[in-house]
Structure formats: C-alpha cells, structure tokens
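Visitor: Please see the structure below; I have some questions.
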Amino acid sequence: MIENPLKLPILKLLEDGATYTVIDILSALNQQEILKAHLPAEKSLALFHSNFLIMNALLQLQHELIDDNC
C-alpha cells in the first residue's frame with residue numbers, strides 16, 4: 001500500500017481525543033499549510049483531491065490502529 005503523506009499529521013491532530021469532521025481536518029491541515037504541497041495546481045480538482053487524501057489517510061490509520069490493538 002502506498003503511504004499517504006497526511007497520515008502522520010492527521011494522527012497527531014486526532015491524538016487529543018476530540019471529535020473532528022472532514023472539514024475540521026481539512027481546515028487544520030490548511031492552517032498548517034500541509035495540504036498545499038500535495039494538491040494539484042488546478043483549483044477545480046483541489047477539493048476532490050484533498051478530500052480523497054484525507055479519507056484515504058483515515059482509512060489507512062483505521063486499519064493500522066485496529067491491527068495494532070488485535
């Protein structure tokens with residue numbers, strides 16, 4: 001599986017135990033300017049691409065964390 005570059009920043013964000021929506025995660029990553037380097041130059045694809053990266057990172061984290069707890 002290809003490593004998602006947003007996994008560690010999202011994991012660090014989630015470590016505080018708060019509840020986050022995808023929009024909250026997107027906002028936090030934008031404030032830290034983490035997403036900018038991973039988005040296409042074409043603005044019309046940026047939202048789709050950022051949503052895909054966030055959801056993919058969350059899925060990878062879910063699989064890894066479940067495997068660690070088994």
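The values are calculated or read from the model by the stated rules, or taken from the named source; none is laboratory data. For clarity, every value in this text was computed on a predicted model and none was experimentally measured. Glycine also receives a Cβ, built like all others from the backbone with ideal geometry; neighbour counts cover every protein chain displayed. All accessible areas refer to the heavy atoms of the entire protein, side chains included, with ligands and DNA or RNA removed. Shrake-Rupley method; radii C 1.70, N 1.55, O 1.52, S 1.80 Å.
Visitor: Please report, as a whole percent, how much of the solvent-accessible surface of the chain comes from carbon and sulfur atoms (probe radius 1.4 Å).
Guide: On the way: 3110 of 5170 Å².
Carbon-and-sulfur percentage of accessible area, whole number: 60.
Visitor: Given a 1.4 Å probe, how much area per residue of segment 11-70 is accessible, in Å²?
Guide: 75
Visitor: Give me the distance in nm between label points sitting 7 Å out from Cα along the Cα-to-Cβ direction at VAL22 and ILE2, one decimal.
Guide: Spacing of the two 7 Å Cα→Cβ label points: 1.9 nm.
Visitor: Then there is this: With an 8 Å Cα cut-off and a minimum separation of 6 or more residues, compute the relative contact order for the chain in percent. Before the final figure, lay out the partial values.
Guide: On the way: 36 pairs, mean separation 31.7, N = 70.
Value for the chain: 45 percent.
Visitor: So what J values fall out for segment 23-39 if you push phi through Karplus, 6.51 cos²θ - 1.76 cosθ + 1.60 with θ = phi - 60°, rounded to Hz, Gly and Pro as x?
Guide: With the stated coefficients, segment 23-39 comes to 5, 4, 5, 4, 5, 5, 5, 5, 4, 7, 6, 7, 6, 3, 6, 10, 9 Hz.
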